[in-house]
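J.: Handing you a structure now.
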Amino acid sequence: MIKWIKKIIYVAVLAAVIIAAAAAAVFLLNNSDNGPKGDYSSFDVNTTKNLVFGNANNDNYLNQADVDMIQDIVNGKLAWDKVKFPLVDANTDGVVDSKDVALVKKFLNGESAKMYYMNWYKDVASVNYPVSGKVSVDYTTAYDMLVILGCLDDLVGTRDTPATIEKYNDKVYPGVKNRIQSIRTDAGKMDPEKMYSLGTKLVIGDPYDATPEVADAMHKMDPTCNVLELPVNRVVNGIYYSHTIVSLGVMMNRQSNTAEYVKYIENVESEINKKVAESKSANKTVLICYNPSGPNSINLDILATGASQYTDVTNVLKLPLTIPLPRMERDNGGYMSGQEIAKIMEIDPDVIVLDTYNLAAQNLPNDEYDRIIKEKVEYFKETRAYRNNMIITCAYEVIGGAAGISTLPLMGHYIWGDGLFTEKQGWDYVNEYYQKFTNFGKTVDMRNNRGYGPEQFGATMG
């Protein structure tokens with residue numbers, strides 16, 4: 001009797017093991033395209049701007065060094081630290097083996113394959129590598145990314161209105177306004193059917209534009225279309241435009257286009273950190289006032305505690321500045337809309353960064369640009385920032401996009417003087433960016449182009 005009981009127990013245990021193994025196999029199969037096992041919310045995205053799985057060593061490239069590191073882990077020469085180096089798992093199946101080595105080799109050879117990356121919510125998403133074809137986007141800031149990547153000619157659609165498209169600056173985006181179409185719905189969202197009709201193969205937008213609904217609609221019409229889940233203007237869980245540019249460089253097999261940009265960003269960030277550490281400049285309070293249309297309709301840009309926050313705020317806070325507003329719980333952007341000037345006067349910040357929208361992309365004469373800015377500056381004439389000549393204006397397309405980091409040394413000079421950066425140093429960084437990464441030309445001096453570098457206004461305009 002005891003023997004029979006033992007047999008029954010043994011069979012039951014064996015059956016349970018078989019069932020568990022089968023369940024695990026099904027789990028692995030069903031999730032092979034849905035990301036690795038584990039929580040990646042603790043991964044420090046500041047360690048790399050290349051968020052493609054296979055970037056084993058967390059640098060800003062995908063290359064032979066990554067293959068070597070993965071191979072060393074497979075051979076047992078290295079232990080896999082899943083927290084520090086989660087991108088080692090190239091095929092996101094939860095283990096590191098020869099399949100990961102083979103996949104990265106395919107990428108380096110330019111062969112077609114499914115490529116995985118960490119998206120704006122630190123979940124795993126995928127694209128069809130190498131990404132290529134016609135592109136639809138939400139804002140002009142995405143155009144700047146395409147210029148750096150060397151594929152502006154692939155742009156076919158934008159969420160901007162036809163009237164806005166007509167105002168594009170041909171020098172900045174040559175030929176674009178005569179080629180692209182609006183993919184905007186009546187509600188101001190991205191229209192999947194319009195994008196599909198244009199032959200769109202890549203959709204680039206922020207979380208409220210490139211939504212799961214848009215992705216599902218595009219994939220139903222064209223399973224080969226890639227809807228990128230990396231931000232253009234917003235910062236989402238620490239992931240921002242530089243991550244998007246560098247990761248796209250890998251996805252498009254255009255790393256040679258992004259290599260110089262990576263070096264530039266690293267250099268500017270390093271210099272800002274060094275100057276701030278050495279400086280005795282006092283910390284100041286700042287408000288980002290976004291695109292005011294009157295003294296009773298001013299958006300205040302602040303950090304959000306939700307999924308995302310505005311890039312310009314994050315950039316500015318690399319300087320000795322603090323935002324004297326409580327954080328807000330918002331999913332898409334950290335701003336307070338339609339505030340009255342009285343709200344700003346309650347805070348009376350040391351510095352106001354007046355963030356305009358859609359002026360940089362237009363071909364405005366300098367006097368017309370100045371007229372528009374002066375009108376907006378006058379809304380703040382009762383503030384301490386105005387009286388102390390501490391209103392700095394900059395177009396959102398500049399400070400909120402790929403060029404943003406280049407403006408900070410100049411902004412720092414305007415606020416603290418030579419104690420942080422000299423004016424020449426500030427303009428040198430701005431000019432370096434526009435000479436290397438835009439269509440302005442190798443000798444352009446951006447001091448002659450309003451809207452493309454911070455301008456200091458305030459009491460001098462009263």
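J.: Out of the residues in region 446-462 that are of a type outside the set (Lys, Arg) and open to solvent by 50 Å² or more (accessible area, probe 1.4 Å), which is farthest from the chain's Cα centre (by Cα)? I'd like the intermediate steps shown before the answer.
T.: Start the filter on region 446-462 by keeping residues that are of a type outside the set (Lys, Arg), which leaves 446, 448-449, 451-462.
Still in the list and also open to solvent by 50 Å² or more (accessible area, probe 1.4 Å): 448, 456, 460, 462.
Working: ASN448: 28, GLN456: 26, THR460: 35, GLY462: 37 Å.
Only one residue fits best here, namely GLY462.
For every residue, the table says whether it meets (1) at pLDDT below 95; (2) under 19 Å from ARG234 (Cα atoms); (3) of a type outside the set (A, V, I, L, M, F, W, C); (4) part of a strand (DSSP E or B).
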{"site": "LYS99", "(1), (2), (3), (4)": "no, no, yes, no"}
{"site": "LYS106", "(1), (2), (3), (4)": "no, no, yes, no"}
{"site": "GLU111", "(1), (2), (3), (4)": "no, no, yes, no"}
{"site": "TYR116", "(1), (2), (3), (4)": "no, no, yes, yes"}
{"site": "SER126", "(1), (2), (3), (4)": "no, no, yes, yes"}
{"site": "VAL131", "(1), (2), (3), (4)": "no, no, no, no"}
{"site": "ASP160", "(1), (2), (3), (4)": "yes, yes, yes, no"}
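J.: To continue, here is another question. Residue check, VAL377 against (1) touching a strand residue (DSSP E or B) at 6+ places or on another chain (Cβ under 7 Å); (2) open to solvent by less than 20 Å² (accessible area, probe 1.4 Å); (3) farther than 30 Å from ARG159 by Cβ, all met but one. Which one?
T.: If we test VAL377 against (1) touching a strand residue (DSSP E or B) at 6+ places or on another chain (Cβ under 7 Å); (2) open to solvent by less than 20 Å² (accessible area, probe 1.4 Å); (3) farther than 30 Å from ARG159 by Cβ, just (3) comes out false.
J.: Output the residues belonging to region 36-83 that are under 21 Å from VAL246 (Cα atoms), at pLDDT 95 or above and among the basic types (Lys, Arg).
T.: Of everything in region 36-83, nothing turns out to be under 21 Å from VAL246 (Cα atoms), at pLDDT 95 or above and among the basic types (Lys, Arg).
J.: Please find, within region 207-224, the residue that is nearest to GLY188 (Cα to Cα) out of those that are aliphatic (A, V, I, L, M) and at pLDDT 95 or above. Spell out how you get there, then give the answer.
T.: Narrowing region 207-224 to residues aliphatic (A, V, I, L, M): 210, 214-215, 217-218, 221.
Keeping just the survivors that are at pLDDT 95 or above gives 214-215, 217-218, 221.
On the way: VAL214: 13, ALA215: 17, ALA217: 17, MET218: 18, MET221: 21 Å.
Result: VAL214.
J.: Could I ask something else about it? Is region 380-396 home to any residue that is small (Gly, Ala, Ser) and assigned to a helix (DSSP H, G or I)?
T.: yes
J.: Please work out which one of (1) assigned to a loop (DSSP other than H, G, I, E, B); (2) more than 30 Å from ILE405 (Cα to Cα); (3) open to solvent by less than 10 Å² (accessible area, probe 1.4 Å); (4) of a type outside the set (Asp, Glu) is the condition THR224 fails and give its number.
T.: (3)
J.: Residue check, SER197 against (1) open to solvent by 30 Å² or more (accessible area, probe 1.4 Å); (2) in contact (Cβ under 8 Å) with a residue 24 or more places away in the chain; (3) farther than 30 Å from ASN46 by Cβ, all met but one. Which one?
T.: Result: SER197 fails condition (2) only.
J.: Shifting gears a bit: For region 120-147, which positions are open to solvent by less than 10 Å² (accessible area, probe 1.4 Å) and out of contact with any strand residue (DSSP E or B) (no Cβ under 8 Å at 6 or more places or on another chain)?
T.: Within region 120-147, THR141 is the sole residue that qualifies.
The values are calculated or read from the model by the stated rules, or taken from the named source; none is laboratory data. It should be emphasised that the depicted structure is a prediction, and the values quoted were computed from it without experimental measurement. Methodologically, a virtual Cβ is constructed for each residue, glycine included, from the backbone with ideal geometry; neighbour enumeration extends over all protein chains shown. Note: areas computed on protein heavy atoms with side chains; ligands, DNA, RNA excluded. Shrake-Rupley method; radii C 1.70, N 1.55, O 1.52, S 1.80 Å.
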